[in-house]
Structures are given as structure tokens and as C-alpha cells.
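For reference, the structure discussed in these notes is given below.
The values are calculated or read from the model by the stated rules, or taken from the named source; none is laboratory data. Everything numeric in this text was worked out from a predicted model, so none of it was measured. Please note: Cβ atoms are built from the backbone with ideal geometry, for glycine as well, and neighbour counts cover all protein chains shown. The area values use the complete protein model at the heavy-atom level, side chains included, leaving out ligands, DNA and RNA. Shrake-Rupley method; radii C 1.70, N 1.55, O 1.52, S 1.80 Å.
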Amino acid sequence: MNSLRFAVIGIGNIGKKHVESIRGITAAKLVAVCDIDPDKNDVSIKAKNIKFYTDYKQLIDLQGIDIVCIATPHGLHAQMAIDCMRAGKHVIVEK
């Protein structure tokens, strides 16, 4: 079985929970994360060779992503979700 390839946009408290959950699923692989704060690119992300972006539009242009988890402030959800779907990604939005 091929792994589902995930990305997470927003690496705050909830985004980190998504990262941990994805890492705990055998059939899932975290391939990229995004946050406007470059300091969120911490050692745990770097150690796993996960791509880090500060611009979500660059992240969604990647061909190797199946599902994007959006864990940003509520006011950003709609446009990000629309952009992800237009890029052919499945979307999970954290309320």
C-alpha cells in the first residue's frame, strides 16, 4: 500500500498535533509543513527531512502532496482551502 502524503499549514499548537498524528499513522507520510514564522522550522521537523515553507502557495505547488491539513487562524481557512483544492489536493480544515 502506498503512503498518503500529507502537508500541514500552520504549526502552532493544533498544527503540531496534526504533525504528531500523521507521524503515528503507518500509511501516512508527512512531507511538508508551512508557517509564516520561520522559527517554527524546529529541529524535530529538520531531523525528518520534511520540507518547510513560509508561503503556503509554494507548498501546495508540490506534486508529492495528497492531503493538506489547514491549522491556521479561522479567517485564513476559506482561501487556503480553495487554493489547495484548486491545486488538486484533498483538504482537512481544523476548526
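Structure data summary
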read-out: Failed criterion for Cys69 (all others in (1) closer than 22 Å to Lys29 by Cβ; (2) open to solvent by 20 Å² or more (accessible area, probe 1.4 Å) hold); value: (2)
read-out: Total residues in region 10-39, condition hydroxyl-bearing (Ser, Thr, Tyr), exposed (fewer than 14 other Cβ atoms within 10 Å of the Cβ) and under 26 Å from Gly75 (Cβ atoms); value: 0
read-out: Residue tally, condition touching a residue at least 12 places away in the same chain (Cβ under 8 Å) and either closer than 22 Å to Ser3 by Cα or in contact with a His (Cβ under 7 Å, 6 or more places away or on another chain) (or both), over region 59-80; value: 12
read-out: So Asp42, is it over 12 Å from the mean Cα position of the chain (by Cα), open to solvent by 30 Å² or more (accessible area, probe 1.4 Å) and acidic (Asp, Glu); value: yes
